[in-house]
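The next block holds one structure in the form of structure tokens; read it before the comments.
The values are calculated or read from the model by the stated rules, or taken from the named source; none is laboratory data. Computed from a predicted structure; not experimentally measured. Counting neighbours? That spans all protein chains shown, and the Cβs are built from the backbone with ideal geometry, glycine included. Heavy atoms of the whole protein, side chains included, go into the accessibility calculation; ligands, DNA and RNA do not. Shrake-Rupley method; radii C 1.70, N 1.55, O 1.52, S 1.80 Å.
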Amino acid sequence: MIAVVVLLVAPLLAGGLSLVVHRSALLHAINLTSMGAIVTAEIVITRTVLSDGSLTALDQLVYLDALSTFILFIIGVVGLACSFYMRPYMDDQVARGVIAPGRLNLFFFLFHMFLLAMVVATIANSVGVQWVAIEATTLATTFLIAFWRRRESLEAGWKYLILCSVGISLALFGVVLLYYSSLHVLSDVSQGLNVTQLLPVADRLNPQVLKLAFIFILVGYGTKVGLVPMHSWLPDAYTEAPAPVVAMLAGVLEVVAAYAILRVRMIVDHAVPFAFAGGLLALLGFASLVTAAFFLLIQHNYKRLFAYSSIEHMGIAMIGFGVGGPLGTFGGLFHLLNHAFAKSMAFFAAGNIHRRFHTVEIGDVQGLAMAQPWTATALMISGLALSALPPFAAFASEVQILTALASQGVPGMGFTGSGGMVTVAVSDHFSRVALASVFLVSAVLSFGGLLYRVTGMVWGTPPEEMVRGEVWTLGHMPILLLAGALVGFSLFLPQPMQQLLEQATAILVIQ
Amino acid sequence: MQGLSSIGSQLVDLCSALLLLTCFAIVAQRRLSACVDLFALQSAFLVITAALVAYLTGNQHIYIAAALTGVIKVIIIPRVLKKVIDRLNVKRELVMYINVPAGLLICGGLVMLAFFIAQPIIPFGFLLTRDALAIALAIVLIGLFTMIARQKAVTQLVGFLVLENGLFLGATAATYGMPLIVELGVFFDVLVATLIAGIYTNRLQDAFDSVDTDRLTVLKE
């Protein structure tokens, strides 16, 4: 498969070239070319997967099905948007002397390695290789997060490095256990971690070992997703990292880590009752949703505001996957997509605001509509989309998840016992209503918190000495495109997209 | 054959137990450079364990993993850490959140917890190295505890490396080694992580004049 090779070679080549090239224009050109190649390759792969189903390539090292293709699509779109945004953003930072021109190529090198690691994590057949790639994202992004080298950024970077390394080590223990469970079932253990090897025999794996493996993997990758209670690195890192880096962290890395959890779950669900993994996912999802809703209400720093909104939305998606069924799973996947687009856009806007206002305090930012009309529009659209207001697709996905939750309940949460038929039915009904209410209340709280803060920044009059108006740059184009997609997807889901989502759902829902 | 495997099994158990013992020594140790030496010693035990498993099972690729452990964890990483310690001048007594006796007691509890968790799944392993999985889990938990209980950035790093040793013991002893490509990737990651953390502690020193993670409190809600 040429397309698969392109996916891997493009970022590798671009990273290597970035190390030797020093001219900013050339660095951007390399970056855009590489992203363009990746997106093209993804289109080719999507077409193949849609027509032929899953495929393997490069001597069984690569495995692509509708689910991984869907994640690749998110990586491609957000990555391309980031590349366009970086053009004015990074040049501005260099011009203002925040980055020494000599360090720009280091930034691009790390960025390409980060991208490569995420692509590998998505297309790897082996769960072990996937682990290696996800750990590599931690290593690549540590310096990206601390790129400004201020005390705060160093602190955020250290927290990120330590917490994520520990989390991901726990995930490795889960991978070891998964391998342990496959030893007695597979004849050729040299490929014992390959999804293509594990899936056909998944129902014969030992359920006890798989349960333990899933807990370790959920905690480990959950740290990267930013699920409560493993989330404490996330608000700090999102505040301190450069805007395009955060857009990638929030828009793509979280999604890739969530995908890694889903991939293992696909195997676990065959041997362990569905309620086990589903219940755990929903539990962490609810913890994240409720915690984030409260923190959203008290935030006065707009970057932290969006960081907590990330935790909230990942929580919602996890609830969708936890509840499961065709509706919950579809809603969860669709929510990942909406979150990736809206969140990267929100951080693009945040980056623009920070460059103009030089503050992260919400109270100090006023009159954005006058000072930066384009950015204000972007902030408003992403804010509305993130608070899941009806014209936006996030509303659709949240309603899907809520419907699934209210109709099916969280698996494993219903009271089953010796209470007789009626009691069981009533208590099950009660728990579903209670959970749906918790979901709704948290969603409304975060809706209020987010909207109140965002509108506060947009309206009003900007400070006297502030420059009014905004020059149109290349950096505004991805914002417009993402906004179009966010609104468009709620009205009309393009045929290939719909197909891809349905096939990915079918992979995750085990009959 | 029966006799050989029973002796082999006891040898592997002995080596894993020594690994666990060095964990306790690290928790009890107050001097930073001694902690690094103990880590090197622990890694040496790990090399012996891996070589034993490779010899007893005839899995050639474990030799490669053992050799890599020897080069990276016994030689390179301790040297890097020593250099960092020299530069930072933090050889003095370690500050801990929890005193030594309490720390050792907690570690004892963690070992019991690890055996409790691993008990139901131990019977599915190979006869030769059954108990290694529980010991590996215990080492992982103690590594985690060390990271939480110590303040200096370097000791947190040692804790992380101990944790990795536990994972490696689990992968080698309990499952006879993971596929080689995964092993290589893991080694690469550990090496790079250590280098990055080493560079990072230097930057922390420059910015905060200290590697006490207690000082990292600029960021608040």
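For helix B:77-88, report the angle its Cα long axis makes with the longest principal axis of the Cα atoms of chain B; keep it between 0 and 90° and round to the nearest 10°.
Tilt relative to chain B: about 10 degrees.
If you filter segment A:438-511 for GluC sites (Glu not before Pro), then keep DSSP loop positions with at most 13 other Cβ within 10 Å, what is left?
Qualifying residues, ordered by number: A:Glu464, A:Glu465.
Provide the buried accessible surface between chains B and A in square angstrom, both chains summed, 1.4 Å probe, rounded to the nearest 100.
Chains B and A together bury approximately 4500 Å².
What FRET efficiency, computed as 1/(1 + (r/R0)^6) with R0 = 45 Å and r the Cβ-Cβ distance, is obtained for B:Gln119 and A:Asp92, rounded to the nearest 0.05?
0.15
If you put +1 on each Lys and Arg Cβ and -1 on each Asp and Glu Cβ, how big is the dipole of segment A:192-328 around its Cα centre, in Debye rounded to 20?
So the magnitude is around 160 debye.
Excluding ligands, DNA and RNA, what is the solvent-accessible area per residue of the protein assembly as shown at a probe of 1.4 Å, expressed in Å²?
35
Long-range amide H contacts for A:Ser126: which residues qualify at under 5 Å (H placed 1.01 Å from N, peptide plane, sequence gap of 5 or more or a different chain)?
Distant-sequence amide H within range of A:Ser126: A:Val195.
May I ask for the longest run of chain A untouched by trypsin sites (Lys or Arg not before Pro) that are loop-located per DSSP and have at most 12 neighbouring C-beta atoms (other than their own) within 10 Å?
Answer - A:97-467.
For a test of understanding, tell me how many lysine pairs in the protein assembly as shown have Cα atoms under 22 Å apart, given they are 8 or more places apart or on different chains.
Going through the protein assembly as shown pair by pair, I get 20.
Counting other Cβ atoms within 10 Å, which GluC sites (Glu not before Pro) in segment A:117-175 have at most 14 and lie in a DSSP loop?
The qualifying sites: there are none.
So what is the relative contact order for segment A:128-250, in percent, with contacts set as C-alpha pairs under 8 Å and at least six apart?
35
For B:Ala25, project a label point 7 Å along Cα to C-beta. Then give me every residue of segment B:162-178 with its amide nitrogen under 15 Å of that point.
B:162
Note the angle between two axes, namely the Cα long axis of helix B:2-28 and the longest principal axis of the Cα atoms of chain B, as a number of degrees from 0 to 90, rounded to the nearest 10.
10
Heavy atoms only, probe 1.4 Å: what % of the accessible area of segment A:316-410 goes to carbon and sulfur, would you let me know?
Reported share for carbon and sulfur atoms: 67 percent.
For A:Ala29 and B:Ser6, what is the calculated FRET efficiency with R₀ set at 51 Å and r taken between the beta-carbons, to the nearest 0.05?
Here the calculated transfer efficiency is 0.20.
Mind jotting down the distance between the C-alpha centroids of segment A:303-359 and segment A:8-28, whole Å?
For segment A:8-28 versus segment A:303-359, the Cα centre distance is 30 Å.
Using 0.36 nm per residue of separation minus the Cα-Cα distance, give me the extension gain between B:Val192 and B:Ile106 in nm, one decimal.
Taking B:Val192 through B:Ile106 to full extension adds about 27.9 nm, to one decimal.
Can you give the extra length, in nm with one decimal, that the chain gains between A:Arg468 and A:Ser187 once fully stretched, where that is 0.36 nm per residue apart less the Cα-Cα distance?
Contour length minus the Cα-Cα distance gives 94.2 nm.
Extending each Cα 7 Å along its Cβ direction at A:Ile43 and B:Asp209, get the distance between those two points in nm, one decimal.
5.8
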